[in-house]
Amino acid sequence: MGIERTVAMLQGKKSVYETEVFGPLIACVEGLSGARYGASEAADQSIRIICDHARASTFIIGDPKGITPSNVGAGYVLRRLIRRAVRHGRKLGIEGAFLSTPAQVVIDQYKGAYPELAENASRVIDEIKAEEQKFLETLKKGEAEFEKMLPNLLRNPQRVMSGRLAFKLYDTYGFPIELTEELAREGGLTVDRAEFDEAFRKHQELSRAGSEQVFKGGLADHSEQTTAYHTATHLLQRALKMVLGDHVAQRGSNITAERMRFDFSHPEPMSAAQVAEVERIVNEQIKADLPVTMEMMSLEDAKKAGATALFGEKYESTVKVYTIGSFSKEVCGGPHVERTGGMGVFKIQKEQSSSAGVRRIRAVLEKPGA
């Protein structure tokens, strides 16, 4: 049943929101909005959503795995939580960004039992602020477009919004289908979700068709050069962790015979000194001509051995673990060189933002003396 529901039952409360567990959060939202919990069901629902989603978002971002808002996987779940909380803040009359305030309440309330929240507090606050501001801009554009559509939609006797229009809001303005459905309900409408899902499926198929040449692991092919670049991503990720911190985690990669692209979690631009140090570390491992070995083991044993793995990736029960000297150990299915010597000189060409909380490095392996 869970400790919170148990507490609510033992105290004779109707829900967990009436217990002291949610008391500080509810008081925070009341102070921000001027609303009072218990005054109306509509306001109560918005307060509960904000409290629940603020707490969940804080724990997700504060986790050592470093999840950040994105359009895929766990990052998309996080993005939906933050954006729904923002929307209900607006329904309570809260203007502008506000969610970092209840997030701080969560950190202060739970940091004793979960010290990682205090350790990652700045990341939690920064990520929530950035995502909230980004969504406020999206929300403004999407809601304005929906309001333009509404008069015509209300003329429809069936009071149904086509999935085609809902997809237009998603594709053109980045407006989530869940919020379109929420706005539609408020206007007494429903959304043709089946038609939306079909349009979304076709969109995904087109996206996949445009990237069919990319192999598993982000490789364009399995040539000698792309194999060297793939091995270099292992060296790069380890070097980034050494220079920037253990919060660094791979968020994607794309490799061709000419260059490599590597996305990783980090909240701010790298300094010139940090870029130079990462280059130095990677090139040091290349010059050392380290052996690259592979072992088959269970995923559990790989984690116990300290191997890095992509969070959210689906692995088989038995995985390949590639070890580069004593420098790097990763779970990976892609091709690798036998030794690091001869890979070339690693050079970072550009370090830039990829999305909120994610940085992107573009790099090449140059021939010595080039």
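Rule-based calculations on the coordinates, nothing more; no lab input. Worth saying up front: this structure is predicted, and the values here are computed from it rather than measured. Because the Cβ atoms are built from the backbone with ideal geometry, glycine has one as well, and the counts that use them run over all protein chains shown.
Eigenvalues of the alpha-carbon gyration tensor of segment 3-135, scaled by 5 and square-rooted, set the equivalent ellipsoid semi-axes at 23, 19, 13 angstrom, largest first. Taking the fewest neighbouring Cβ atoms within 10 Å as the starting point, the ordered list for 192, 197 is 197, 192. If one puts a single equal scatterer on every Cα of segment 21-67 and applies the Debye formula without solvent, what log₁₀ I(q)/I(0) results at q = 0.15, 0.24 Å⁻¹? Log10 of I(q)/I(0), two decimals: -0.42, -0.81. From its DSSP helices (H runs of at least four residues, each -39,500 (n - 2.57)), the chain gives a residue-normalised ellipticity at 222 nm of -17000 deg cm²/dmol. On the beta carbon distance between residue 101 and residue 203, with R0 = 30 Å, the FRET formula returns roughly 0.25. The value of relative contact order for segment 3-135, using C-alpha pairs under 8 Å at least six residues apart, is 24 percent. Given their separation in residues at 0.36 nm each and the Cα-Cα distance between them, residue 242 and residue 11 gain 78.2 nm when the chain is fully extended. The alpha carbons of segment 82-199 give a radius of gyration and a Dmax of 17.6, 56 Å, in that order.
Residues in segment 182-196 carry Karplus couplings, in order, of 5, 4, 4, 4, 5, x, x, 10, 10, 10, 6, 5, 4, 5, 4 Hz; the curve used is 6.51 cos²θ - 1.76 cosθ + 1.60 with θ = phi - 60°, and Gly or Pro positions show x.
Are any of the pairs 241/287; 65/168; 111/140; 287/329 more than 26 Å apart by Cα-Cα distance, and if so, which?
Numbers: 241/287 20 Å; 65/168 34 Å; 111/140 35 Å; 287/329 18 Å.
Over 26 Å apart, Cα to Cα: 65/168; 111/140.
Taking every DSSP bridge with both residues inside the chain, close to 90 percent are antiparallel.
Full extension of the chain between residue 352 and residue 194 gives 53.0 nm of extra length, using 0.36 nm per residue less the Cα-Cα distance. Cα centroid separation, segment 237-262 to segment 58-106: 26 Å. Spin-label model, residue 316/residue 339: points 7 Å from Cα along the beta carbon direction are separated by 3.0 nm. Summary value for segment 224-366: 30 percent relative contact order, contacts being C-alpha pairs under 8 angstrom separated by 6+ residues. The angle between the Cα long axis of helix 272-287 and the main principal axis of the chain comes to about 40°, on a 0 to 90 degree scale. In the chain, the longest principal axis of the Cα atoms and the axis of helix 121-154 are about 50 degrees apart. For segment 224-366, the alpha-carbon radius of gyration amounts to 0.99 times the rule-of-thumb value 2.2 N^0.38 Å expected for a compact globular protein. When the chain is treated as a Gaussian network with alpha carbon springs shorter than 10 Å, the biggest mean-square fluctuation among 326, 162, 33 belongs to 326.
So what's segment 156-212 giving for Cα Rg divided by 2.2 N^0.38 Å, two decimals?
Numbers: Rg = 12.5 Å, N = 57, 2.2 N^0.38 = 10.2 Å.
Rounded to two decimals, the normalised Rg is 1.23.
Note on residue 154/residue 129: beta-carbon distance plugged into 1/(1 + (r/R0)^6) with R0 of 45 Å gives a FRET efficiency of 0.75. Along the chain, the longest continuous region that contains none of the trypsin sites (Lys or Arg not before Pro) in a DSSP loop with at most 11 other C-beta atoms within 10 Å is 15-154.
With all pairs of separate Cα atoms included, the chain yields a Kirkwood hydrodynamic radius of 23.4 Å. Could you compute how fast segment 119-180 diffuses translationally, taking Rh as the Kirkwood radius over C-alpha pairs and applying Stokes-Einstein at 4 °C with viscosity 1.567 mPa s? Give it in µm² per second. For these conditions, the coefficient is 97 µm²/s.
The value of relative contact order for the chain, using C-alpha pairs under 8 Å at least six residues apart, is 12 percent.
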